[in-house]
1. From 278, 263, 223, which residue is open to solvent by 20 Å² or more (accessible area, probe 1.4 Å) and in the same structural domain as residue 206 (by the TED database)?
2. So residue 190 clears everything in (1) in contact with a helix residue (DSSP H, G or I) (Cβ under 8 Å, 6 or more places away or on another chain); (2) surrounded by fewer than 17 Cβ atoms within 10 Å (Cβ to Cβ) except one condition, right? Which one?
3. Looking at segment 236-254, which of its residues are under 25 Å from residue 146 (Cα atoms) and either open to solvent by less than 60 Å² (accessible area, probe 1.4 Å) or in the same structural domain as residue 203 (by the TED database) (or both)?
4. Quick one: how many residues across segment 170-187 are open to solvent by 100 Å² or more (accessible area, probe 1.4 Å) and at positive phi?
5. Quick check, is residue 109 in the same structural domain as residue 183 (by the TED database) and either surrounded by fewer than 17 Cβ atoms within 10 Å (Cβ to Cβ) or touching a strand residue (DSSP E or B) at 6+ places or on another chain (Cβ under 6 Å) (or both)?
6. Of 125, 164, which residue is in contact (Cβ under 8 Å) with a residue 12 or more places away in the chain and closer than 30 Å to residue 96 by Cβ?
7. Quick check on segment 93-111: of everything there that is hydroxyl-bearing (Ser, Thr, Tyr) and out of contact with any Lys or Arg (no Cβ under 6 Å at 6 or more places or on another chain), which residue is nearest to residue 218 (Cα to Cα)?
Amino acid sequence: MRLKPSVVLRLYSLCGILIQVAASKSKAKGSQGQFPLTQNVTVIEGETATLTCRVDQNDNTSLQWSNPAQQTLYFDDKKALRDNRIELLRASWHELTIRVTDVSLSDEGQYTCSLFTMPVKTSKAFLTVLGVPEVPQISGFISPVMEGDRMELTCKTSGSKPAADIRWFKNDKEVKDVKYLKEEDANRKTFTVSSTMNFKADRSDDGAVVSCRVDHESLNSTPQIAMQVLEIHYLPSVKIIPSTLWPEEGQSITLICESKGKPLPDPVLWTKDGGDLPDPERMVVNGRELNINSLNRTDNGTYRCEAANSIGLNSAEYVLIIHDVSNILLPTTVIPSLTTATVTTTVALTSTGPSATAINTRDPNAMAEKDATDHAVIGGIVAVVVFVTLCSIILLGRYLARHKGTYLTNEAKGAEDAPDADTAIINAEGSQVNAEEKKEYFI
């Protein structure tokens, strides 16, 4: 059976259609692996930004970079925009990388990488440009500052993007109580920030270093710092320091007038009881020291030291009390005895201890040492008394043992046989010559 020509043509047409459909499906399947890949980039103003676009599978399809204004920068390896800052680094079927040098804030925006397939595929990369803050400046300091005055210091920096952070320090110790202000610059891209520190001037702040530190991500962990050294003027502070806490008659003492102030105080002035020093020969002033030799009771009184500078005058006082050496006589101890001898013990102790009034003015350590000394002395005295008492008793015993008292008793022999008293007396008289002496002893 023969087929008609029209049927044959129709069969050929059907086969062509089937082949075209299969080819189109294969091409679509291959193009699914073609997609450009990009990454966002952050760069500091004035540095270099690198933009890279990659394609894993590419069948010789062109790549293109365009800027935020949709201007073509590079089409494959061909430069389209006349900008000397834009350079080509690598161009192939799988990668297109360009470099932008000396980046400015106006370069910030969204860049597009295009892969010219059917349809065109794109990928976005955002370029962020950081604005570097300017070196900070501290204002508001007027030198010198008087103690008690209020100080207001302001630290300011401009050109940061995003806004910078400002921190205050005084001698490396951070100050938290500050005010912070942020303002947008005229270019509407960067910021000016300022911080104000307010405090009351004190003498302890003299010579202190106040620093203002600016932190920003564009500074790469190296903050910008501005410093100011404070100068505070204040009234002198005066204090008198004695060389000894327990001055005694005949000794020497040095009174040191310690004065601190800014400006440095003038030479100090010494007075006694509101007047001049009464004995210049023994009371010698050497700079800030007053030396008094050969102390005696007439040196008792109130000594005053005055120090002055351009701010004012201040003074301090010291009450001097001279103590002499005193003798303490202990009570006499008498030990009675049956003998005609009397043992008397007298102990005299020489002490340099203070009187009751003076003790109240001494420091506790000195009082404790004095009490310990007194207890030791009393214990020694008691021991001496006990020893003397024992010796006296021993001597008394030996004396009585060697000197015994005696008496005589006479008894008439034969008197026992006398019939009456008269006869006994006669017999006693007759036998008195031969009477035996009897002795009795008592102890």
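The values are calculated or read from the model by the stated rules, or taken from the named source; none is laboratory data. Here the structure is a predicted model, which is why all the values come from computation and not from measurement. Here Cβ is always computed from backbone atoms with ideal geometry, including for glycine, and neighbour counts include all displayed protein chains. Only protein heavy atoms, including side chains, enter the accessible area calculation; ligands, DNA and RNA are left aside. Shrake-Rupley method; radii C 1.70, N 1.55, O 1.52, S 1.80 Å.
1. Numbers: 278 fails: in the same structural domain as residue 206 (by the TED database); 263 fails: in the same structural domain as residue 206 (by the TED database).
Result: 223 is the single residue among 278, 263, 223 that is open to solvent by 20 Å² or more (accessible area, probe 1.4 Å) and in the same structural domain as residue 206 (by the TED database).
2. (2)
3. The first filter runs over segment 236-254 and keeps only residues under 25 Å from residue 146 (Cα atoms), leaving 236-239.
Residues satisfying the conditions are 236, 237, 238.
4. Qualifying residue count, segment 170-187: 1.
5. On the way: in the same structural domain as residue 183 (by the TED database): no; either surrounded by fewer than 17 Cβ atoms within 10 Å (Cβ to Cβ) or touching a strand residue (DSSP E or B) at 6+ places or on another chain (Cβ under 6 Å) (or both): yes.
No; evaluated as a whole, the condition is false for this residue.
6. Values: 164 fails: closer than 30 Å to residue 96 by Cβ.
Answer to the selection: 125.
7. Initial filter on segment 93-111 (hydroxyl-bearing (Ser, Thr, Tyr)): 97, 101, 104, 106, 111.
Now restrict to residues that are out of contact with any Lys or Arg (no Cβ under 6 Å at 6 or more places or on another chain): 104, 106, 111.
Numbers: 104: 14, 106: 17, 111: 22 Å.
Per the stated criteria, the residue is 104.
One line per residue, one yes/no per condition, for (1) at pLDDT 95 or above; (2) more than 24 Å from residue 130 (Cα to Cα); (3) out of contact with any Cys (no Cβ under 8 Å at 6 or more places or on another chain); (4) surrounded by 13 or more Cβ atoms within 10 Å (Cβ to Cβ):
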{"residue": "74", "(1), (2), (3), (4)": "yes, yes, yes, yes"}
{"residue": "93", "(1), (2), (3), (4)": "no, yes, yes, yes"}
{"residue": "97", "(1), (2), (3), (4)": "yes, no, no, yes"}
{"residue": "102", "(1), (2), (3), (4)": "yes, no, yes, no"}
